[in-house]
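Below: one structure, written as structure tokens.
The values are calculated or read from the model by the stated rules, or taken from the named source; none is laboratory data. This one's a predicted model, so the numbers in the text were calculated from it and none came from an experiment. So basically every Cβ, Gly included, is an ideal-geometry build from the backbone, and we count neighbours across all protein chains shown.
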Amino acid sequence: MIVTTLKPLDEILESISPYRKILIAGCDGCTQPPRGIREVKTLKQLLELAGQLKGKEFEFKVTSVVKQCDSVLTVSAIKPYVEDVEAVLSLACGAGPQTVAKFFPDLPAIPAQNSHFIGIDDRQEGQMFDSCSACGDCILALTGGICPVTRCSKGLLNGACGGASNGKCELDPDRDCAWELIYERLRRLGRLDLIKKFTPAKDYSAKGWRVTP
Amino acid sequence: MSQKVAEPKPAVNINEDHCSRCTICSSLCPYDAITQDRDNNIMVLDIEKCQVCGICYSACPAKAIDTIYYSSGSVLKYLEKARPQYKSDNLVIMCKGSAPDFAGVGKLFGVKDFIPLSVPCVGRISEEVLLGVTVAGMKKIDILACDEDYCRFHRGSPLTGRRVIALNRMLEQLGYGEEAITMKRNSLKVTVDKDLCIACGTCVAYCPYNAPTLTSEGGISFDLDACRGCGLCVALCPAFALDLDNWERDRISNLIPQMLAGMKPPKILVFRCQWAVYPPLNGDMGPNIGTIELPCAGRIEAFHILEAIQNGADGVMVVACSEDDCKQEKVSAKAEHVVANIKAKLDQIGLGDKLNFASVSPRYPGQVEEKVREFRQSLEGAKKGETK
């Protein structure tokens, strides 16, 4: 999933302060839980209360888009409100406000979320972890399903570096050494042969900036 | 954690002088709170284990157990007053765990007018009350218990079922007809609006009972036998696709302004788990305090808290059971998390002090009043600071 957190309310208030009529647009997509209509309505209530305290009156409309990164879905959800609002406050990841900006050139698109990473939601630990850098050339088949590009502090494609102690990274003692995890996992799978395979330097141009499906 | 009650006087007590050591209480207690001390030949109540269900109270043949909640005497007194008020000779005793609203309860029994007696677990209603009411001329007694596996106190509902069978047999012999007391069972559970569901799996992640299942082919489905009606999934569903029987989102939303309109400042709206506090029959907490009961604190929604503040509440309090006392699977801890989360956001706009979370237990009467008083003082202190 995409992991996002709500921006500080002061920052959101600052961003929306030039406008009065605002559409708050949620996204039912990738975050967990989705920033859908509940989050939208809760944010509306909070901003109304904050506005009252500052003597600022907002007029909010609310909607939630199935996937705000999808231009068709976003345009169809937001179009009915275009005439009535001066700005869109988006609860989607960074792709959401950019979709709005691209397809509604006259409408300011304001993010309400900070987007962090593509991650795993570990319910047991109640935390989310960065797990995919969207590098464009996935090597998980060689690394036991653990991504060294993302989870090794040095992004090493061939490890381990030898700097880890007690399974923790020398750069960040809170962080597991990705290559030790990879080693353990491959050993468990009986595929330690894979760790001997040399992976050449990554061609980051494969990541690209556009993809034609 | 230190109790703020000056002299914690427990809500349940065993009177040694009356006790015949028959051990019925200890055999029925769902929480093993009563044990027999063979050395001293007494029954010992561990009040910290007691969940104040009242099963021991209603079952004690020697009437050696005292409780301050809904004692037989107070119930009979309440009925004396309530009978002319409701202009009915039909009493409906219901567990608040499974009772819908007044009209809903009436519908279950096919009656329009009745005297409602809502108690936490019908298992606490003794034969003495049921017979006393019959003798006092009540024409019809209906009992609404929870489905047996839904009973928050595990044994209250099954026990009442057996009690009613035995009493009916006795009453029939006495000439009161075949089924003097009727009994129905009910439970209040989640409802799903599949049109609104966005298949995110939040309910699956949070349900302590594994009631929901989500698959790509089948979408969302709930095993209603597994649902225990805590309302946690309802409170968290990002798409408002879930609701809970009798604790519907709209019903609570409508109650909020209604309650606040009738209150005097400082207005404190209390969302209260119905198992954390046992209110006195017909009791209220004064003109400043409004109460909305929840099936479990897990039903609390940030949405409703903010609605209360928007509608003029000076303070909002969420009252829950402690994690260990929670009648659900530690759902009250989740509720505390939900409250802390929205409080952190309210803090950002300077309104965090308006929200308070407290966990209390009915085993020490007066706890909730104390917590509310403290909260009120903090609110009034903050107001004074403002005007200075």
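Annotations for the structure displayed:
- Pair list, Cβ under 6 Å, 6 or more apart: the range B:131-159 residue touching a residue at least 24 places away in the same chain (Cβ under 8 Å) and under 21 Å from B:GLY104 (Cα atoms), other residue part of a loop (DSSP other than H, G, I, E, B) and not charged (D, E, K, R): B:LEU144/B:ALA99; B:CYS146/B:GLY97; B:CYS146/B:SER98; B:CYS146/B:SER187; B:ASP147/B:SER187; B:TYR150/B:SER187; B:ARG152/B:GLY97; B:SER157/B:CYS151
- The C-beta contact set for the range A:202-213 (first residue more than 13 Å from A:VAL149 (Cα to Cα), second residue surrounded by 10 or more Cβ atoms within 10 Å (Cβ to Cβ), distance under 9 angstrom, 6+ apart or interchain) comprises A:SER205/A:GLY136; A:ALA206/A:CYS135; A:ALA206/A:GLY136; A:ALA206/A:ASP137; A:GLY208/A:GLY136; A:VAL211/A:GLY136.
- Taking the conditions (1) surrounded by fewer than 18 Cβ atoms within 10 Å (Cβ to Cβ); (2) part of a loop (DSSP other than H, G, I, E, B); (3) more than 14 Å from every other protein chain (Cβ to nearest Cβ) in turn, A:GLU125 satisfies each one other than (3).
- For the range B:302-316, the set of residues classified as facing another protein chain (nearest Cβ under 10 Å) and among the β-branched types (Val, Ile, Thr) consists of B:ILE305, B:ILE309, listed by residue number.
- Applying the criterion of being small (Gly, Ala, Ser) and surrounded by fewer than 20 Cβ atoms within 10 Å (Cβ to Cβ) to the residues of the range B:222-254, the residue that is nearest to the other protein chains (Cβ to nearest Cβ) is B:SER253.
- Boolean, B:ASP113 is surrounded by fewer than 17 Cβ atoms within 10 Å (Cβ to Cβ), under 23 Å from B:ASP324 (Cα atoms) and at pLDDT 90 or above: no
- Boolean, B:PRO257 is farther than 30 Å from B:ALA211 by Cα, at pLDDT below 95 and surrounded by fewer than 23 Cβ atoms within 10 Å (Cβ to Cβ): no
- Hey, B:SER332 of a type in the set (Ser, Thr, Tyr), in contact with a strand residue (DSSP E or B) (Cβ under 6 Å, 6 or more places away or on another chain) and surrounded by fewer than 22 Cβ atoms within 10 Å (Cβ to Cβ) or not: no
- Scope the range B:291-300; condition within 24 Å of B:LYS264 (Cα to Cα) and buried (at least 23 other Cβ atoms within 10 Å of the Cβ); matching residues: B:LEU294, B:ILE300
One line per residue, one yes/no per condition, for (1) within 14 Å of another protein chain (Cβ to nearest Cβ); (2) assigned to a helix (DSSP H, G or I); (3) under 17 Å from the mean Cα position of the chain (by Cα):
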{"position": "B:GLN328", "(1), (2), (3)": "no, no, yes"}
{"position": "B:ALA335", "(1), (2), (3)": "no, yes, yes"}
{"position": "B:VAL339", "(1), (2), (3)": "yes, yes, no"}
{"position": "B:ALA344", "(1), (2), (3)": "yes, yes, no"}
{"position": "B:ASN356", "(1), (2), (3)": "no, no, no"}
{"position": "B:TYR364", "(1), (2), (3)": "no, no, yes"}
{"position": "B:VAL368", "(1), (2), (3)": "no, yes, yes"}
{"position": "B:LYS384", "(1), (2), (3)": "no, yes, no"}
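- Selection status of B:CYS273, crowded, with 21+ Cβ neighbours inside 10 Å, closer than 23 Å to B:ASN341 by Cα and within 14 Å of chain A (Cβ to nearest Cβ): no
- Each residue in the range A:9-62 was checked for being within 24 Å of A:ARG123 (Cα to Cα) and away from every other protein chain (no Cβ under 13 Å), and 0 pass.
- Only one entry in A:ALA134, A:ALA101, A:ALA95 is more than 30 Å from A:ASP203 (Cα to Cα) and under 21 Å from the mean Cα position of the chain (by Cα), namely A:ALA101.
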